[in-house]
1. Can you name every residue in segment 315-358 that is part of a loop (DSSP other than H, G, I, E, B) and closer than 20 Å to MET284 by Cα?
2. Write out, first by first residue and then by second, each pair whose Cβ atoms fall under 8 Å of each other, whose residues are 6+ apart or on separate chains, and whose first residue, in segment 17-37, is more than 25 Å from GLN164 (Cα to Cα) while the second is small (Gly, Ala, Ser) and in a helix (DSSP H, G or I).
3. Here are some residues: LEU48, LEU28. Which one is out of contact with any strand residue (DSSP E or B) (no Cβ under 7 Å at 6 or more places or on another chain) and in a loop (DSSP other than H, G, I, E, B)?
4. Is at least one residue of segment 154-162 over 20 Å from the mean Cα position of the chain (by Cα) and either more than 21 Å from THR357 (Cα to Cα) or not hydrophobic (A, V, I, L, M, F, W, C) (or both)?
5. From (1) surrounded by fewer than 17 Cβ atoms within 10 Å (Cβ to Cβ); (2) free of Cβ contacts under 8 Å to residues at least 60 places away in the same chain, pick out the condition that doesn't hold for ALA82.
6. Which of the residues that make up segment 222-235 are surrounded by fewer than 20 Cβ atoms within 10 Å (Cβ to Cβ) and either of a type in the set (A, V, I, L, M, F, W, C) or closer than 15 Å to SER343 by Cβ (or both)?
7. State all residues of segment 283-294 that are part of a loop (DSSP other than H, G, I, E, B) and either closer than 15 Å to GLY118 by Cβ or among the charged types (D, E, K, R) (or both); if no residue qualifies, say none.
8. Taking only pairs six or more apart or across chains, which ones have beta-carbon atoms under 7 Å, a first residue in segment 148-162 that is closer than 29 Å to SER65 by Cα, and a second residue that is surrounded by fewer than 18 Cβ atoms within 10 Å (Cβ to Cβ) and not basic (Lys, Arg)?
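The values are calculated or read from the model by the stated rules, or taken from the named source; none is laboratory data. What you see is a predicted model; the values in this text were computed from it and never measured. Neighbour counts are summed over all protein chains in view; Cβ atoms, including those assigned to glycine, are modelled from backbone coordinates with ideal geometry.
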Amino acid sequence: MTGSPFSPKALRDGLKRNAAGRLALKTLSLPYSAAIAARRGLYSAGVLRSQALPVPVICFGNISSGGTGKTSTVVAAAQELARSGRKPAILIRGYKRRSAGKVAVLARGRKFTLDEAGDEALMLYRMLEPDGVPVLVSGDRFASGAIAIKELGADILLMDDGFQHFALKRDADIVLVNATAPFDTDSVLPYGDLREPASGLRRARAVIISHCEQARQADVDALGARIKELNPAAEVIESMHTPESFLDPATARTVDLNMLKGRPAAALSGIGDPDSFEAALKAMKIDLKQIWRYPDHHTFTAAELASAQQARGDLPLITTYKDFARFPEGWQEILKGGVLILSVKIVFLCDGWKKLTAVMREAGKGKA
């Protein structure tokens, strides 16, 4: 059983079922593509100006609308930098946060709320708090970056998303591409999922092919070759996502992954790539009896959790870090049977991690 509330993607999929709907979507894609190209051209011509900061700025972004595993990569990069003695800070837009008019600073000793931060930023901060990495939330990445440098002592900035954000100059752009959703078979929004045409990859210093564990190696190799055709100078890095552990949020303790092997469970998510989340659970031999899918960035209500609680019976409920950050207050009183959060880590194949660290090390050499 799968719950799937209305979403823009569901509307688009419905329109694609008939010729008139497909034509309408393709027609709308034309002005979208033109607007993207025009905006990029204005920055290239200097009509719109990019601002620079005095420390290296590295952007981790997409050419698609999501589901590439970007956040796991940003976390791994920030942890590596922090543990090597650098002082990284994360800059994030804060999609759908309610207090969008100011810079929210998630750092030790600072007060903030979910409304101010947004779910993605809160999830990032919780994952990076042990390493002391702050997360700053604002649509104005120059302003948040300046605060990170002046007030928090950051000496390198990582933009989580923002490949199409030209207002802040970057020293390296790293783009993620999902191996299971290659750009060659996709179209720009709203007909497809691409934020810009594949030619945008020419701006990238490195391209990470993610979720290789879900694709055939021949397909990964073909995708890598296509990336090299577009951008011969880019480092092409292969990666996979692998479950690390479960976290019990009620006790803040980790739980062994094998605890649910061969057992029935329920899954709940509101993310850009629910297929990968559910596939990971099934690969762990978990029998998913109930699945609830909500739109990306969905804020869960007490009524929705109560409905899931009633339907799941005594099944364990598994969700993601990102989704748990959007649970309402009092979730423990509603979900009596408990919740488990799946913690996933990114693993780089071959010498991918070496290539990525070299790109980060070289970025902005001479600035800081």
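1. Of everything in segment 315-358, those that are part of a loop (DSSP other than H, G, I, E, B) and closer than 20 Å to MET284 by Cα turn out to be LEU315, PRO316, GLY338.
2. Listed pairs, sorted by first residue: GLY21/GLY14.
3. Among LEU48, LEU28, only LEU48 is out of contact with any strand residue (DSSP E or B) (no Cβ under 7 Å at 6 or more places or on another chain) and in a loop (DSSP other than H, G, I, E, B).
4. Looking through segment 154-162, at least one residue is over 20 Å from the mean Cα position of the chain (by Cα) and either more than 21 Å from THR357 (Cα to Cα) or not hydrophobic (A, V, I, L, M, F, W, C) (or both).
5. (1)
6. Selection gives ALA222, ALA225, LEU230, ALA233.
7. LYS285
8. The qualifying pairs are ILE156/ALA368.
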